[in-house]
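Encoded as structure tokens, the structure appears first; notes follow it.
The values are calculated or read from the model by the stated rules, or taken from the named source; none is laboratory data. None of these values were measured; they are calculated from a predicted model. Please note: Cβ atoms are built from the backbone with ideal geometry, for glycine as well, and neighbour counts cover all protein chains shown. Protein only, heavy atoms only, side chains kept; ligands, DNA and RNA dropped before computing areas. Shrake-Rupley method; radii C 1.70, N 1.55, O 1.52, S 1.80 Å.
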Amino acid sequence: MLEIVILAAVAAGGWLWWDSLQAREAANAALRPACRARGLLFLDDTVALDSLRPARNADGRLQLRRVYRFEFSDTGDNRRKGAVTLLGSRIVAVDLPAI
């Protein structure tokens, strides 16, 4: 019985890792054109996970809500912070503060 529990925990951890990689790539893919459209530089070309928690979507289903932080610049000489929020694999908010 212990082997089944361990196997289930390893499978769940593997699924979470794979799903998190997919969500991070979706956030990166959304931020590149969003920054380009505003004339901003998407620094380091990546995002970093800030928070991960369960949340309900519009249909009431439980999904993972991820908030990723990133840095952008308007001149290339400064760094400003922004955030992108995903619910499941869907992007629900992109926060690019006004400069």
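Consider the stretch 85-95. How many of its residues are of a type in the set (A, V, I, L, M) and either farther than 16 Å from ALA34 by Cα or open to solvent by less than 30 Å² (accessible area, probe 1.4 Å) (or both)? Show your work before the answer.
Of all residues in the stretch 85-95, those of a type in the set (A, V, I, L, M) come to 86-87, 91-94.
If we keep only those that are either farther than 16 Å from ALA34 by Cα or open to solvent by less than 30 Å² (accessible area, probe 1.4 Å) (or both) as well, we get 86-87.
Residues flagged as of a type in the set (A, V, I, L, M) and either farther than 16 Å from ALA34 by Cα or open to solvent by less than 30 Å² (accessible area, probe 1.4 Å) (or both) within the stretch 85-95 amount to 2.
Every residue in the stretch 15-58 that is surrounded by 13 or more Cβ atoms within 10 Å (Cβ to Cβ), among the small types (Gly, Ala, Ser) and farther than 23 Å from ALA98 by Cβ, please.
Answer for the stretch 15-58, where residues must be surrounded by 13 or more Cβ atoms within 10 Å (Cβ to Cβ), among the small types (Gly, Ala, Ser) and farther than 23 Å from ALA98 by Cβ: SER20, ALA23, ALA26, ALA55.
Residue by residue, here is whether (1) within 15 Å of ASP95 (Cα to Cα); (2) out of contact with any Leu (no Cβ under 6 Å at 6 or more places or on another chain); (3) in a helix (DSSP H, G or I) holds:
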| residue | (1), (2), (3) |
| --- | --- |
| VAL5 | no, yes, yes |
| TRP15 | no, yes, yes |
| TRP18 | no, yes, yes |
| ASN28 | yes, yes, yes |
| LEU31 | yes, yes, yes |
| ASP44 | no, yes, yes |
| PRO54 | no, no, no |
| VAL67 | yes, yes, no |
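State all residues of the stretch 62-99 that are closer than 20 Å to LEU21 by Cα and small (Gly, Ala, Ser); if no residue qualifies, say none. Full working, then the answer.
So the first thing to find is which residues in the stretch 62-99 are closer than 20 Å to LEU21 by Cα, and the list is 62-71, 82-94.
GLY82, ALA83, GLY88, SER89, ALA93, listed by residue number.
What pairs can you find where one residue is in the stretch 45-61 and at positive phi, the other is modelled with pLDDT of 90 or more, and their Cβ atoms are less than 8 Å apart, with a gap of 6+ or different chains?
ASP45/ASN28; ASP45/ARG32
For the stretch 59-84, which residues satisfy the criterion of being open to solvent by 100 Å² or more (accessible area, probe 1.4 Å), at pLDDT 95 or above and not basic (Lys, Arg)?
LEU62
Quick one: is GLY60 within 24 Å of TRP15 (Cα to Cα), not in a strand (DSSP E or B) and not hydrophobic (A, V, I, L, M, F, W, C)? Step through it out loud before you land on a result.
Working: within 24 Å of TRP15 (Cα to Cα): yes; not in a strand (DSSP E or B): yes; not hydrophobic (A, V, I, L, M, F, W, C): yes.
For GLY60, the condition - within 24 Å of TRP15 (Cα to Cα), not in a strand (DSSP E or B) and not hydrophobic (A, V, I, L, M, F, W, C) - is met.
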